[in-house]
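*Asks:* Sending over a structure as structure tokens; questions will come in a sec.
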Amino acid sequence: MGLGVDTRNRIARRASEEIHNGMVVNLGIGIPSLVPNHLPTDMMVMFHAENGITGMGPSPDKGLEDENLCNAGGFPVTLNKGGSYCDSAISFGMIRRGRVDITILGSLQVSQHGDLANWIVPGKKVPGMGGAMELAQKARKVIVLMNHCDKAGNPKIVKNCTLPLTSSACVDIIITELAVFRLTTEGLLLTEMFEPYDLQDVINKTECEFMISDDVRRINY
């Protein structure tokens, strides 16, 4: 089962806390596209999409969509004052030169080592890897937003990815509907949990072992 709108927005809101003034932030499709809706209106952030937009604003209200203005997933977006368009070559040049401060992506699996698998399930029809490979390697911080388990109830935070990798040892932060993990030099660290879940919920739905912060934050928004 997919996540409800409220839960998806909770995850997006938590991800927005990682963003600061002056950053260039790339957004993947799905939950990441909700992140701009949770930022203060006076924060100066340039949201980037690899199809050639820098300066995306919040999602448009229903009925106010511009059919010519969309993100990399084809969903309608707005453009902030000062935003700009470019072709894909320049857009990917920005990524490969390390000009993107944060990329916020969805994922199919993340390993305890920070390996990312987010582009294909063998035997299923998919559009392709897109820009995830470059973003995972070149963005200064990689944040993954995803369900804690897949539709069959299998953990998506695993010992080792069983799906084809997008990039190895690249993920910095994982945010799910249950918890927030950070990848450290010593391994996976649980730092926060969403209400009403407890530690046993997280353990039961996580395949790999992880460390627990001495001061785990409880998120109740």
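The values are calculated or read from the model by the stated rules, or taken from the named source; none is laboratory data. If you're wondering where the values come from, they're calculated on a predicted model, not measured in any experiment. Here the Cβ is made from the backbone with ideal geometry for all residues, glycine too, and neighbour counts use every protein chain on show. Surface accessibility is based on the protein's heavy atoms, side chains included, excluding ligands, DNA and RNA. Shrake-Rupley method; radii C 1.70, N 1.55, O 1.52, S 1.80 Å.
*Asks:* Please compute, over every Cα-Cα pair in region 1-120, the percentage with a separation greater than 18 angstrom.
*Replies:* I get 53 percent for the Cα pairs in region 1-120 exceeding 18 Å.
*Asks:* Starting from the Cα-Cα distance between I120 and D214, subtract it from 0.36 nm times their residue separation and give me the gain in nm to one decimal.
*Replies:* Here the answer is 30.2 nm.
*Asks:* So, one more: Can you give the charge dipole size of region 66-166 about its Cα centre, rounded to the nearest 20 debye, using +1 on the beta carbon of Lys and Arg and -1 on the beta carbon of Asp and Glu?
*Replies:* Dipole magnitude for region 66-166 comes out near 300 debye.
*Asks:* Over the chain, what is the mean sequence separation of C-alpha contacts under 8 Å (at least six apart), divided by residue count, expressed as relative contact order in percent?
*Replies:* Computed value for the chain: 17 percent relative contact order.
*Asks:* Of the peptides 198-209, 23-34, 43-54, 68-79, how do they stack up when ordered by the mean number of other Cβ atoms within 10 Å, highest first?
*Replies:* 23-34, 43-54, 68-79, 198-209
*Asks:* Scale the Cα Rg of the chain by the rule-of-thumb value 2.2 N^0.38 Å and send over the ratio, two decimals.
*Replies:* 0.99
*Asks:* Taking the Cβ of T191 as the center, what net charge do the other residues with Cβ under 9 Å away carry, scoring Lys and Arg +1 and Asp and Glu -1?
*Replies:* For residues surrounding T191, the net value is 0.
*Asks:* May I pose another question? Which FRET efficiency value, to the nearest 0.05, do you get for C70 and V5 by plugging their Cβ-Cβ distance into 1/(1 + (r/R0)^6) with R0 = 25 Å?
*Replies:* 0.75
*Asks:* Given Cβ point charges of +1 (Lys, Arg) and -1 (Asp, Glu) and nothing else, what value in debye, to the nearest 20, does the dipole of the chain about its Cα centre take?
*Replies:* Its charge dipole is roughly 420 debye.
*Asks:* If you count only protein heavy atoms with a 1.4 Å probe, what accessible area per residue comes out for the chain, rounded to a whole Å²?
*Replies:* About 52 Å² of surface per residue is accessible.
*Asks:* Whole angstrom only: what separates the Cα centroid of region 90-169 from the Cα centroid of region 1-51?
*Replies:* A separation of 16 Å, based on Cα centres.
*Asks:* Something else about it: Quantify, in whole percent, the carbon and sulfur part of the accessible surface of region 1-57 (1.4 Å probe; protein heavy atoms only).
*Replies:* 57 percent
*Asks:* If the chain between N37 and E17 were fully stretched, how many nm would it gain, using 0.36 nm times the residue separation less the Cα-Cα distance?
*Replies:* Fully extending the segment from N37 to E17 adds 6.0 nm.
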